[in-house]
Amino acid sequence: MKIEGVIFDWAGTTVDYGCFAPVRAFMEIFREYGIEVTMEETRKPMGMLKWDHIKTMLSMPRISQAWAEKHGRAWTDADVDEMHNKFSSQLMGILHEYAQVKPHVQKAVEELKSRGIKVGSTTGYTDEMMSIVVPKAAENGYSPDFWISPNSVGNMGRPYPYMVFENMRQLKLQHVHQVMKVGDTISDIREGVNAGNISVGVLEGSSEMGLTQEEYQALPADQKSELLHKLTRKYKEAGADYVILNMSQLCPLIDELEKNNNQ
């Protein structure tokens, strides 16, 4: 077996260490509506289409109750629409600050391309948001062969597999089981599983970890080990086939898979 393509997520996987741009915007929007949300609540739906993300947060019992107490009524889809519009505007204003390429990504992508492996990507961002992220990431050294947002698949984003399938169509990849989907959220893992891909979770700089590079590096060894073990288990429970520490382990993983399947 030979890996034909690797399809990456964006924020938290290839750019924006810790996936902080959307988190910052989500928390600000809920604050604007009088509700203080936690980092954990904000990150739980990460990777979904942003409208779905807001609705999922509003559906959480604590947040739903807080909304009712603050506004004297239950939230509606019209509220989701309004919050999403404000969220999009907020995020558009800060995205350019969060397109730094994560460590080891550029080298891994160069290695993939040198092997003839196609490099695709999916995202929970909209086309409008990606119009900022894509060129900024290119300036910073990262350019996949193809990208797509939920806008191009009828807004049926993760965990639906349709963005993956469109990557495969555009990149002329034939076999779902010879394509690797790499991401940093549970939604990413489920997207890969639902597409029939080899689903891979990345630990360092992930949304699931939710730490800056400085915070992560400052952790004592025992805390770091415990955190990595916890996140690995979480990815595996979501269906991940493999979990890597960072992108320096991606090509060695591919080598191992191809070797084992050719014996």
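The values are calculated or read from the model by the stated rules, or taken from the named source; none is laboratory data. What you are looking at is a predicted structure, and each value in this text was computed from that prediction instead of being measured. All Cβ positions, even for glycine, are placed from backbone atoms using ideal geometry, and neighbour counts span all protein chains on display. All accessible areas refer to the heavy atoms of the entire protein, side chains included, with ligands and DNA or RNA removed. Shrake-Rupley method; radii C 1.70, N 1.55, O 1.52, S 1.80 Å.
What to note about this one:
- 3J(HN,Hα) along segment 238-245, derived from phi through the Karplus expression 6.51 cos²θ - 1.76 cosθ + 1.60 where θ = phi - 60°, amounts to 7, x, 4, 7, 9, 10, 10, 5 Hz, with x in place of Gly and Pro.
- Ordering of 81-90, 169-178, 218-227, 43-52 by packing [mean C-beta count within 10 Å, highest first]: 43-52, 81-90, 169-178, 218-227
- C-alpha center-to-center spacing [segment 234-263, segment 39-93] in angstrom: 34
- Mean residue ellipticity (222 nm) of the chain, computed from DSSP H runs ≥ 4 via -39,500 (n - 2.57), nearest 500: -15500 deg cm²/dmol
- Loop-located GluC sites (Glu not before Pro) in segment 2-76, at most 14 other Cβ atoms within 10 Å (DSSP): E36
- Accessible area expressed per residue, the chain, with surrounding protein chains retained (probe 1.4 Å, Å²): 44
- Within a Gaussian network of the chain (alpha carbon springs, distance under 10 Å), most fluctuating of I35, I198, I148: I35
- Accessible carbon and sulfur surface of segment 98-246 relative to its total accessible area, %, 1.4 Å: 48
- With the biggest extent put first, the Cα atoms of segment 109-256 measure 44, 32, 32 Å across the principal axes.
- In the distance distribution for segment 1-131, Cα-Cα pairs more than 17 Å apart total 62 percent.
- Each label point was placed 7 Å from the Cα along the Cα-to-Cβ direction; for S89 and D77 their separation is 2.3 nm.
- Over the chain, the reciprocal of the mean inverse Cα-Cα separation, the Kirkwood hydrodynamic radius, stands at 18.7 Å.
- Annotation: extensible slack from E40 through H229 equals 66.2 nm (criterion: 0.36 nm per residue apart, minus Cα-Cα distance).
- Heavy-atom accessible area ranking, 1.4 Å probe, most first, across Y125, Y242, Y98: Y242, Y98, Y125
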